[in-house]
Amino acid sequence: MKKIYLRDFGIQANSAADAVPAFKAAIKAAAQLKEPCEIFFDEGVYNACLSDLSHLDIHVSNTIAEGNDRTKGECNSIKRNTPFLLEGMSDIVINGCGSLIKSRGKMTQIILKDCENITFKNISFDYLNPTVTEMTVIAVGENYLDCKISDEYPYKIVDEKIVWCGEGFEFSDGISQLFDPKSGFTWRYPSPLQDKNARFVELGKGKIRLYFNPDANGNNPYGAKLGYVFQMRDAIRDECGIIISGCKNTAFINTTMHFMAGIGFIVQNSDGITLNGFNVCPPIGRTASCAADFMHFSGCRGKITIENGFYLGAHDDAVNVHGTHLKITEVEAAANKIKVRFMHSQTYGIGGFAVGDEVASINPDTLLEIAKARVLEVCELNPYEIVLTLSSTEGFEQALMVENISSTAEVLIRNNHFERIPTRGILMTTRKPVVIENNVFEKVKGCAVLIADDARSWYESGRVTDVTIKNNIYRDSANRFVVVAPECVEGASQAVHKGIKITDNLIELSYTDEVISIKNTDGVLFENNIIYGANENCRVTLNSVQNAVIKNNIYNGCYMTEREKL
């Protein structure tokens, strides 16, 4: 394999200079080789500045909506800016050799578009000024909070409102979370940025007083106490951490992201992704490492492997794997054509259909499959609408949904640690085999694993058929271990999901007595799990479930009673 050295392109490690021109030159040299190569960095810190970034217009799943209301996450631009743009390239390894890339401004740290066999390894990324800002409560008064802000979060006070600002970005409205260092939990709470009564006064450099109108109980409306940390962010997801679109066989090995903007690691319409030792965690002194989900996979194929990772300090879910339900708006049966439309404001323009794919029509009320057909032709009319020519339109009717069932991935999530997650650990909706094993879920506000499927809200498809959840630890967390909740209409009783096995897990019920909750599923095995809790008994909730086996589970040192076995 040909070797390329970053130092040969005019940059030295630990230099104050902008390293982006050297990154771009090395990537260009690799592309021109037309043979497999590895780019080596010298160990050290490299600055990625805004002035010379590469730019790409790209729609990204679950990100910004079209419009100009930033409070709703809307933005007219789909331009993403990055120091590492690899487009249409193949057989390249980027070896950081232990180096750290520091973003000096808001950017997407890596974009891979239509690439094959790309690997990043032995490299870390961070921000000089993270776009999730933090301030710590150091004093509590009758109608005010005094807060300390580190130099990592530049701000200004304008008309008694705080404006967070960094290179290339600023915001004064947005979402807030709280982190309690004593309990270790992070959770969402009303934001002082969205409180019209909030007033910010600077007491000194890095120290502000936040005045508020007390709630009905005389407390501050934000839920903050002495020592709590506010984590604040803009609602808009204009940049991400890493974007991978239309790629094949991508790997990240021994890679750490200390901070990612927007949706963190987002992969769409790609085939084969391996994360081994991929970590997302803040450095010492900070509490947040991502502005939304850590990892998001939309419409992917092949196999997704996530193993040996450490994930700490999210602003949304840790892992989400799903497809997309598009609505059938027109049917031209004589020509075997259907027009389909993206329905969620944050997911559109991502395509996702290819000739030869198998698609299914789905009843949005029951989430059941009606018919299948092959795609013969794809015509994208605009970012929202696609015309598909099918082998047959029988069973494809207007107002039904369409799911590309060829764009479903096999998933292995193994030997990872997930901590300080304000929502759910893993969201999983794919028809291919799924194994979730030997993971630790700690201080998770929601369930460890959620299996949903919906065609009315986020439009994230689809059903599962073979899921194994084994040898995991769920401890000091605030919800049920596993929730299976397809969003079919009330009264729908047929099984959406099937083949869910939950075995040999260690489950601590710290704040509830319900260990799992499952609905509309055929085939559930809950066996050999050890459960601890503060309550006398624990519950297993099943609704419209067939062929359930619940046996040999131990709760607080004793086998679960016969009443709890089915």
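Computed from the coordinates by the stated procedures, all read-outs in this text should not be read as laboratory data. None of the values given here were measured: they were computed from a predicted structure. Because the Cβ atoms are built from the backbone with ideal geometry, glycine has one as well, and the counts that use them run over all protein chains shown.
Laid out as a table, the results:
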read-out	value
Average Cα contact separation per residue, the chain, under 8 Å, 6 or more apart, as relative contact order %	9
Size-normalised alpha-carbon gyration radius of segment 323-426, reference 2.2 N^0.38 Å	1.23
5 angstrom amide H check on Gly166, placed H, neighbours 5+ away	none
Debye-sum result for the chain in log10 I(q)/I(0), which assumes one identical scatterer on each alpha carbon, at q = 0.06, 0.07, 0.08, 0.09 Å⁻¹	-0.32, -0.43, -0.57, -0.73
By average C-beta atoms within 10 angstrom, highest first, the peptides 530-536, 489-495	530-536, 489-495
Value of relative contact order over segment 171-262, rounded to a whole percent, pairs C-alpha under 8 Å and six or more apart	29
Segment 133-233: C-alpha pair distances exceeding 16 Å, %	53
Gained length - Glu397 relative to Leu412, 0.36 nm times residue gap less alpha-carbon distance	1.9 nm
Per-bin percent of Cα-Cα distances, segment 27-110 [10 Å]	15, 35, 34, 13, 3
For the chain, calculated [θ]222 nm from helices alone, where every DSSP H run of n ≥ 4 adds -39500 (n - 2.57)	-1000 deg cm²/dmol
Protection-proxy order for peptides 178-189, 307-318, each taking the mean of Cβ atoms within 10 Å per residue, highest first	307-318, 178-189
Most to least packed among 215-227, 239-251, 162-174 [average Cβ atoms within 10 Å]	239-251, 162-174, 215-227
Whole-number D in µm² s⁻¹ for segment 447-564, Kirkwood Cα-pair radius fed into Stokes-Einstein, 20 °C, 1.002 mPa s	147
Isotropically averaged projected area of segment 220-262, using the convex hull of Cα atoms (one quarter of hull area), nm²	5.5
Whole-angstrom gap from segment 374-450 to segment 4-40, using each part's C-alpha centre	36
Antiparallel bridge percentage (DSSP; both residues within segment 269-413; nearest 5)	65
